[in-house]
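Step one of this worksheet: look at the structure below.
The values are calculated or read from the model by the stated rules, or taken from the named source; none is laboratory data. Every value quoted in this text rests on a predicted model; they were computed, and no experiment measured them. FYI the Cβ positions are ideal-geometry reconstructions off the backbone, even for glycines, and counts take in every protein chain you see. Note: accessible area is taken over every heavy atom of the protein model, side chains too, but ligands, DNA and RNA are not part of it. Shrake-Rupley method; radii C 1.70, N 1.55, O 1.52, S 1.80 Å.
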Amino acid sequence: MDKTNVVTKSSVAASRKYKKNSQLYEIWRNFRKNKGAVLGLTVLSIIIITSIIANFVIDYETQIIRQVVPERLQRPSWKHPFGTDQYGRDILLRILYGSRYSLSVGIVAVMVSLAIGGVMGVIAGYMGGIIENIIMRSCDVFASIPALLLAICITTAFGANTLILMISVGVASVPAFARVARAAVMTVRDNEYIEAARAAGATRMRIMFTHILPNCMAPIMVQTTMRVGSAIITASSLSFLGLGVPPPAPEWGSMLSEGRSFIRDYSYMTMFPGLAIVITVLAINLIGDGLRDAMDPKLKR
Amino acid sequence: MNNKKALALILCICLTFVFLAGCSGSQSTGAGSTSTGSDTNNLETSSEKPVTEIKKGVIVTGKAVDVKEDENTVYQKRITIAPALDFTSMDVQNEAGGTAKSVFFLVFNNLVEYDTMNSKIVSGLAESWEQISDTLWEFKLRQGVKFHDGSDFTAKDVKFTIERGKNQSAAKSKFNTIEEVIIVDDYTVQLKLTAPDNDIIYKLCEANTVMLSSNAFATLPEEEANKIGTGPYKYNEWVQGDYLSLIRFDDYWEGAKKTEEIVIRHIPEASSRLIALQTGEIEICIDPPAVDLHYVAEDKNLVLWQIPSTNIRHIILNLNVEPFNNKLVRQAVAHAINREDLIAIVYEGNATPHYNVMHTISEFYVDVDCPEFNPEKAKALLAEAGYPNGFKTTIYSSSGTVQKAVASVIQAQLKEIGIDVEIQSLETATFNAGVAPGGTYPIAVDGWGGHTIGPDNALRSPFHSDGNINRSNIKDKKVDEMIDAALSTSNYEERAKIYAELQQYLINNCNWIPLAIEQINVGMKAELQGFELPLGLHHHLRNIYIVEK
Amino acid sequence: MYKYIIKRLLLLIPIMLAVSFIVFFITDLAPGDVVDIISGTEMSVEDKEKLREEMGLNDPFVIRYFRYMSGLVRGDLGISLVTKKDVFQVYISRLPATLKLATAGTVVALSIAIPLGITAAVHQNSWRDSGSMVLGLLGLSIPTFWLGLLMIIIFSLKLGWFPSIGNEGLISVVLPAITVGSGQAALTMRTTRSSMLEVIRQDYLRTARAKGVSEKVVIRKHALKNALIPILTVAGNQFGIAMGGAVMTETVFAWPGIGRLIIDSINNRDTQMVTGAIILTTMLSSVVILLIDIAYAFVDPRIKARYTK
């Protein structure tokens, strides 16, 4: 969100002055046309702002994890707008506070896969030949193991704490990133300015990361956005299998999965964390779709 | 335009779906919406149906349909049972899983059997038995008993079973006190023991000690021979992870049973399991979600059995790990635990608080003085031990719903006295490996149901220096001596005295803190007849039937 | 063409080898082993150690992997460490249910995705575009197990339309298929939308419109046909994923599929079963994808020309 905001501001300013930086401005203009994407961006901004405010307003020890037996399983009321869970904890506060867990699981996981997959893809795309072959074939291998299973294997092997969870969710989408990055690099690498850089004596590494990478960011960014959503969903699936963020952290996925035995009588216990996940993931996906449309020159009217 | 309509329609469907989902809770709970605390109260007061109290604390809500039977009665062909855990193997002498053991009681017979309704040992494949001396038992075998492969059950099968079992992983601990099996004649055997073993008769009732066919093992490959028993049902088909089908054995020595086929069905998700019972897809649902039990109780077509299980839920403190090697710290933990709250949260009130290492079903159970809930005292003890500001530690739990919930409650309760606990929720293999004797975990949530095969097994496994599950790593000479002495003492009073002293000693030691006796909840169709109390966690399903209308 | 197929099939072999190594290795990395599962509380520490020795679990990883591979190259996937059943047999017994669910799920996904994708493309940037996208993405954004449980409660328990569990007859596949399909629909819908957007502006469609063909026919007959290939590729990929990855759905609906088999085996540390099942699943989904590729070649002469090059 922050990134886009920065982009907007700078691009608006730039366009006013010099009408330069037209590519970014163009993307933003296209993005704005897409109503779904704008909605998604608005919703996500609200969620992020809430999670930041929640950090200052809510006390973790007394309001989030403290168990209050007399107040357990209370239906939504003025006192507890979203009700309380089986431990007597307020669900609204937990959801507000928990947004950071879900968002950070999604974001960190994707950063992991972006860091590994992106680099692998760039190297493969730029080097070509046998290195490309090795990298892409090993991606094929990883891609053929179902993502969730890979995540399960890793969490069982290294223990289920939040960091391992993030990594294991991320590793599963490494091949996808590698493929996207490679494809993007291949469209750029034969351009003249690369030749020029090479002629000027730039090293391979320098060319790869200062000339090629910035010019193929678009598809990678789109991929990144969309994967954040699916990482949040995968994390909640792991919770369902008992391997998610350890209690008592109010991560939405683990709230949803803990609430599932209460789904018939106390459906609000799953309803609210479930909706929180749905809304967030939906917003992220809408932004991703909007970005992709905005960046794809083929789709211009 | 058509597209517009289609889209509108889809939108409508989606919205209705979301709304239905939203309403589903509030609708269904209209009746019980006033109750916020324990559900058992709700269950007993709001239900108009008779609540029959059977002995040993079993509550049956709802009434089985009365049936009249004569020679023309037609019985329902198939009955489906959905246990909570999957069936894993037919390898009788090596299997430890509870569901498999329920199945073994259908397919096999023991020499003697445990009558759970009356808490006594009754005749099985042995018609009578007698203890000739401290170390010699004689069994007279039933005649005319046939195995599923057609061979006769005789003394050589008993000898074969016991001798084979001594080398098999799960049966070994039950047969290891038997030195020799002496065949007196075809239908008489004597068991010669290495040392006096007061519990041998209990051990012979266990699922791992059922009688196998020596003929089958001589003629068939092992995995086929493992399926041959003398029981009322024989193995039919097993699709792993889906179902196991058992077919009636027509030559059963007690006479063929009424139901033709029993299917054990694996439904992993508890909510789905209960719904399958309500929609009539299965006949018996074991352990529906605790919070949903009232659906069974309120339904006229269903009957709910709430049976105290043999499982004692407890936490163990590892004596090898700082600071739990300090008795004061252990006592502080014991004083910090509020069992009532724990039971309300974890079991929705459907469990009994427990304060002893011995189960109440044991004849040697005595009331002991257990550290009571007293956070002030707990804090004082912590301070005395040198931790006035508490400390950080970790609790291991398996990833099961109950275990995880127990860990969460313990975490919160220990937090109140200043101990910061981190939860490690692990799947079974990691958990078992982590808490194995010699392990380095600090606290663990565990369960122990070893009371069905006698008091010795109940206390030896977790507390003897070389007990199989001595997970708290207790190495106490006094405890070892008392356990050994109790096993070989033939004087009943003497034995009871030792066990009473031992129970109080172990509770004072606070390395194994009992929390609750869990409850087995079974929902079944009201037409179902012949359901009996389970032995331990293993259900007795031999006589179930439904009369076809 | 045949050369291409053979090449693709040959390429499977090194991939299978690598997959087997990785899966074998990762399951081995996890703490605990199968003895910790099967021993329960009934075995002493020494007995467990003895059993490990007998089962060869104490051998170094390389030796165990080599032992496994020597069976694998002869086509023997071994027996399950827990149930002692033949891995291949168990896999085959689970296969029909898995294929049924994957197929039904893909059908559901396509029938949600294609109409929505077309609507979105035809009305790009309108409220209908956004509406379709939101609808399509909804399925992707709902955690599967929650959707499954809600559907069981509504459609089995309250309305009584469908059975809640198991695999019996065609009707039992409806709810699981919707659960699987709605998750898959989003990606297929995206692909439909973007490939339709590309096709819609092609010259031959302009020609068709100019000739007076109605817009409906243009979209349905000309555009969709040409946009179909990427759509089917995505659907084929998703089919492959659904074969091994429908774990949540299989758990909630007690569906005897391969996803749950693999999860249960991971939890049981049944290395043979996990590795065998993943190898077979990978092989099957690769073959499905290859078949789709070949099918294009027959449909589209341009692609065929590319293969024969």
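Per-structure values
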| quantity | calculated |
| --- | --- |
| Shielding score for C:161-171, defined as the mean number of other chain Cβ atoms within 10 Å | 4 |
| The stretch B:447-472-the stretch B:180-246 distance, computed between alpha-carbon centres (Å) | 24 |
| Exercise: per-residue mean of other protein chain Cβ atoms within 10 Å, C:234-243 | 1 |
| Virtual spin-label span in nm between B:Glu322 and B:Glu363, 7 Å along Cα→Cβ | 4.8 |
| Residues losing 40 Å² or more accessible surface upon assembly, the stretch B:438-481, compared with the chain by itself, 1.4 Å | B:Asn468 |
| Span per principal axis, largest first, for the Cα atoms of the stretch B:98-224 (Å) | 38, 33, 29 |
| With all protein chains modelled, accessible area of A:Phe272 [1.4 Å, Å²] | 50 |
| Surface accessible to a 1.4 Å probe, per residue, for the residues of the stretch B:98-224, Å² | 36 |
| B:Glu224 versus C:Arg67: modelled label distance in nm, points set 7 Å from Cα along the beta carbon direction | 2.7 |
| Cβ neighbours within 10 Å from other chains - mean over A:109-120 | 0 |
| Exposure ranking of C:Arg128, A:Arg227 by accessible area [1.4 Å probe, largest first] | A:Arg227, C:Arg128 |
| Length-normalised contact order of the stretch B:98-224 in % [C-alpha pairs under 8 Å, at least 6 apart] | 30 |
| Vicinal HN-Hα couplings computed from phi for the stretch A:258-269 (Karplus, 6.51 cos²θ - 1.76 cosθ + 1.60; Hz; Gly/Pro x) | 5, x, 5, 6, 9, 4, 7, 8, 10, 5, 4, 5 |
| Selection from C:Trp127, C:Pro176, C:Ala242, by position along the positive dipole direction of chain C (Cβ) | C:Trp127 |
| Centre separation in Å (Cα based) which lies between the stretch A:159-195 and the stretch A:230-277 | 28 |
| All-pairs Cα distance distribution in chain B, expressed in whole percent, bin size 10 Å | 3, 16, 25, 25, 19, 8, 3, 1, 0, 0 |
| Net charge dipole size for the stretch B:98-224 [Lys, Arg +1 and Asp, Glu -1 on Cβ; Debye, nearest 20] | 200 |
| Separation between Cα centres of the stretch B:54-119 and the stretch B:280-309, rounded to whole Å | 16 |
| Per residue, the convex hull volume that the Cα atoms of the protein assembly as shown enclose (Å³) | 203 |
| Amide H within-cut-off set for B:Leu136, under 5 Å, with H built and near neighbours excluded | B:Leu193 |
| FRET efficiency, 1/(1 + (r/R0)^6) with R0 30 Å, evaluated for C:Ala295 and A:Leu24 via beta carbons | 0.10 |
| Protection proxy ranking, peptides B:430-436, B:473-479, average beta carbon neighbours within 10 Å, highest first | B:430-436, B:473-479 |
| Per-q log10 I(q)/I(0), chain C, q = 0.11, 0.12, 0.16 Å⁻¹ (Debye; single scatterer per alpha-carbon; no solvent) | -0.83, -0.94, -1.28 |
| Calculated from backbone phi, Karplus (6.51, -1.76, 1.60) coupling profile of the stretch B:459-472 in Hz, x at Gly/Pro | 9, 5, 4, x, 10, 6, 3, 10, x, 4, 10, 6, 6, 8 |
| Accessible-area order (highest first, 1.4 angstrom probe) of the listed residues B:Asp292, C:Asp59 | C:Asp59, B:Asp292 |
| Positive dipole terminus of chain B, leading residue within B:Ile178, B:Leu459, B:Val445 (C-beta point charges) | B:Val445 |
| Segment C:Val174-C:Ile13, length gained on full extension (0.36 nm per residue, minus Cα span) | 54.4 nm |
| Probe 1.4 Å, all protein chains present, accessible-area order of C:Phe298, B:Phe324, B:Phe217, largest first | C:Phe298, B:Phe217, B:Phe324 |
| Area buried, chain C against chain B - accessible surface, total, 1.4 angstrom probe, square angstrom | 4400 |
| Summed side-chain charge close to C:Val34 - residues other than C:Val34 whose Cβ falls under 10 Å, Lys, Arg +1, Asp, Glu -1 | -1 |
| Amide H within-cut-off set for B:Asn311, under 5 Å, with H built and near neighbours excluded | B:Glu518 |
| Charge dipole magnitude, Cβ of K and R +1, D and E -1 - chain B, Cα centre, debye nearest 20 | 1120 |
| Whole-number Å³ per residue for the convex hull built on Cα positions in the stretch B:434-527 | 146 |
| The protein assembly as shown - charge dipole about Cα centre, Lys and Arg +1 at Cβ, Asp and Glu -1, debye rounded to 20 | 8380 |
| From phi via Karplus (6.51, -1.76, 1.60), per-residue ³J(HN,Hα) for the stretch C:194-199 in Hz, x at Gly/Pro | 6, 6, 5, 4, 5, 5 |
| Label-point gap, in nm, between C:Glu215 and B:Lys549 - each point 7 angstrom along Cα→Cβ | 5.8 |
| Unit charges at the beta carbon, dipole of the stretch B:98-224: most positive-side option, B:Trp137, B:Phe153, B:Pro196 | B:Pro196 |
| Long-range amide H partners of B:His540 with built H, under 5 Å | B:Glu532, B:Leu535 |
